[in-house]
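Notes for the one structure printed next.
The values are calculated or read from the model by the stated rules, or taken from the named source; none is laboratory data. Owing to the predicted nature of the structure, the values given are computational and were not obtained by experimental measurement. Positions of Cβ are backbone-derived with ideal geometry, glycine not excepted, and every protein chain shown enters the neighbour counts. SASA here: full protein model, heavy atoms, side chains in, ligands and nucleic acids out. Shrake-Rupley method; radii C 1.70, N 1.55, O 1.52, S 1.80 Å.
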Amino acid sequence: MADPKTIIMFPFMAQGHIIPFLSLSLQLEQKGYQITFINTPLNIANLRRTLPPSSAISLLQIPFSPSDHGLPPLSENTDSLPPNQIFDLLVASTALKPAFRTILNNLVESETPPLCVVADFFFGWSAAVSHEFGIFHVVFSGAGGFGLACYFSSWINLPHKNSDSGEFTLPDFPEAGKLQVTQLTPSLLAATGDDPWSEFQKKNLPAWADADGFLFNTIEKLDEIGLSYFRRKFRRPVWAIGPINSSLSLSTSGAPTRKKPGPDKEKEKETEKLFQFLNSKPPSSVLYISFGSQTTITASQMMQLAKALYKSKKSFIWVVRPPLGFDINAEFRAEEWLPEKFKTQIEDENRGVVFEKWAPQKEILSHKSVGGFMSHCGWNSVLEALSRGVPLLGWPMAAEQFYNAKMMVEIAGVCVEVARGTSFEVRSEDLREKIEEVMSEEGKGKEMRKKAVEIKMMIEEATRDEEGFRGSSVEAMDDFLQAPLLMMKKKNGTQ
Ligand code: UDP
């Protein structure tokens, strides 16, 4: 019988999880695998509209009723929930277990039995369910190794509880160095060990030990410290298969007002102007500023940043969204949220572009005129910058972004941290200094740019697949795909 070729993908119901899973699915599909992508009905309906027509990914609904869990109707994605209800969706997702079991049961009986399950790190429970059917199971993280290791260790140790100074180290991850309580998300900071978040993590995180391996969207050489944490912890294979590239837009949520707008003449014109602006600038001279797909800063931080940019005399592209407290999809009111005449002045001087809502980030970062990226350090943004040799100004806001920024500063040496979160009091003078430092052609700026180019080459090497040379990410992907077959052969006694 031919080896099974079906891979089951099962992400948590959030765009930040669904998108990397979809990107990985498309990559695996290109390698000749059949993908069955499981998610709740609304997410599946939205994905159906997004999938490239050339893709044969099979989309499979897992039944889920938000109202059974006290969630508003149609709330099947963190996108459609206010921040205080996102955790409720996470808890509700554990109720998918019996339906997942039924799906696997049907699939193992089908003509295309699965080769393996690739599941979300919030679905620790899915490992044991997969094993009930003898299916190989891996956890896939769209986050990097170092970031996720700090996150994991912080949750299992809650080290901040014993730190009076506001500083601590992670007992099982001392290589991470010193951390500060300002690098913890509100849920971690409030965690006592028996609060609801801790209760969830106490079940979820230890269940990772049931997985047969871990897949990370990262590069072995860059992320050795974080990856070795998981190897040590679980004694299971950890495959660094990144960067998983995708040309997918993020507008898979189907949320009506969100994110990338459809073809729009006005936007097209603006985008054209943006690239004309970049073309008019010398190499590595433009700072690109964007805080990812869902984050924004406060109105006062926005003012300080605008002043810093103005005073720095550096050229910039700034992707703006309404500040915290306003609808992130609403029109941007420059006259209210930016200093008076800021926009017209910088445009008249050909100094900067204020770009609303959604920018073609990868294309911008690929332009030779871009020399720095002020980012919230979401892992995709970090990888996109590093793949193009662009150093960072880190302004982490949430999740493992604090640790990503730390890694970029302390390990990779390609980042200066400028602020933390939205309660950080930002001073324009500090920001200006840091912008000038990173964008400088001398000193630290030059040094960081050199390191960023070295990492770019490291990434290129990791993904190179040529006669006589296979990069580490290519090898890791093949190793991963062989692992379930080896397990089957072992079980069948053919090896
Ligand atoms: N992105 C983009 N244009 C924007 C904002 C974001 O193309 O104006 C893309 C960006 O290229 C990246 C993703 O959205 O691929 C953001 O992912 P990341 O992990 O950096 O942060 P998140 O949005 O998940 O916080």
**Message:** Using a 7 Å offset from the Cα along the Cα-to-Cβ direction at both Lys311 and Glu442, what is the distance between the two label points in nm, to one decimal?
**Reply:** 2.1
**Request:** Would you work out which of Pro174, Asn84, Ile289 lies farthest towards the positive end of the dipole of the chain, given +1 charges on the beta-carbon of Lys and Arg and -1 on that of Asp and Glu, about the Cα centre?
**Result:** Ile289
**Gyration tensor (alpha-carbon) shape descriptor, segment 128-222, a/c threshold 1.5** = oblate
**Asked** Got a sec? Charge dipole of the chain, +1 on Cβ for Lys and Arg, -1 for Asp and Glu; which of Ile411, Ile103, Phe133 is way out at the positive end?
**Response** Ile411
**Fill in**
Checking segment 1-103 for trypsin sites (Lys or Arg not before Pro) in a loop per DSSP with at most 15 other beta-carbon atoms within 10 Å yields Lys31
**Complete:** Among Gln30, Gln276, Pro63, the residue whose Cα sits farthest towards the positive end of the charge dipole of the chain, when +1 is placed on the Cβ of each Lys and Arg and -1 on the Cβ of each Asp and Glu, is Gln276
**Fill in**
So, for the Cα atoms of the chain, Rg and Dmax in Å stand at 22.7, 75
**Backbone N within segment 274-312 under 14 Å of label point (7 Å from Glu460 Cα along the Cβ vector)** = none
**Ordering of 317-325, 126-134, 219-227 by packing [mean C-beta count within 10 Å, highest first]** = 219-227, 317-325, 126-134
**Message:** What is the angle, in °, between the Cα long axis of helix 83-93 and the longest principal axis of the Cα atoms in the chain? Nearest 10 is fine, range 0 to 90.
**Reply:** 10
**Message:** How far apart, in nanometres, would the label points at Arg333 and Asp3 be if each is projected 7 angstrom from Cα along the Cα-to-Cβ direction?
**Reply:** 6.0
**Complete:** Reduced to Cα centres, the span from segment 37-54 to segment 368-392 in Å works out to 29
**Request:** Could you give the size of the charge dipole of segment 66-119 about its Cα centre, using +1 on the Cβ of each K and R and -1 on the Cβ of each D and E, expressed in debye and rounded to the nearest 20?
**Result:** 160
**Asked** Once every DSSP H run of n ≥ 4 in the chain is given -39500 (n - 2.57) and the sum is divided by its residues, what mean residue ellipticity at 222 nm do you get, rounded to the nearest 500 deg cm²/dmol?
**Response** -13000 deg cm²/dmol
**Asked** Could you give the dipole magnitude of segment 8-104 about its Cα centre, charging the beta-carbon of Lys and Arg +1 and that of Asp and Glu -1, in debye to the nearest 20?
**Response** 260
**Message:** Could you derive backbone 3J(HN,Hα) for segment 283-288 from the dihedral phi with the Karplus parameters 6.51, -1.76 and 1.60 (θ = phi - 60°), listing whole Hz in sequence and x where the residue is Gly or Pro?
**Reply:** x, 6, 9, 9, 8, 9
**Asked** For Asp478 and Ser423, what is the calculated FRET efficiency with R₀ set at 30 Å and r taken between the beta-carbons, to the nearest 0.05?
**Response** 0.10
**Fill in**
Each label sits 7 Å from Cα toward the beta-carbon; between Asp430 and Thr102 the label points are separated, in nm, by 5.4
**Asked** Roughly how many percent of the accessible protein surface of the chain is carbon and sulfur, given a 1.4 Å probe and a whole-percent answer?
**Response** 52
**Asked** In degrees from 0 to 90, rounded to the nearest 10, what is the angle of the helix 299-312 Cα long axis to the longest principal axis of the chain?
**Response** 60
**Prompt:** Applying 1/(1 + (r/R0)^6) with R0 = 45 Å to the Cβ-Cβ distance of Gln30 and Lys178, what FRET efficiency is obtained, to the nearest 0.05?
**Reply:** 0.60
**Request:** Mind ranking 187-194, 453-460 by how tightly packed they are, going by the mean number of other C-beta atoms within 10 angstrom, highest first?
**Result:** 453-460, 187-194
**Fill in**
For the chain, longest principal axis from Cα atoms; helix 15-30 axis from its Cα atoms; angle between them, nearest 10 degrees, is 60
**Message:** Using the crude model of +1 on Lys and Arg Cβ and -1 on Asp and Glu Cβ, and no other charge, please compute the dipole size for the chain relative to its Cα centre, in debye to 20.
**Reply:** 360
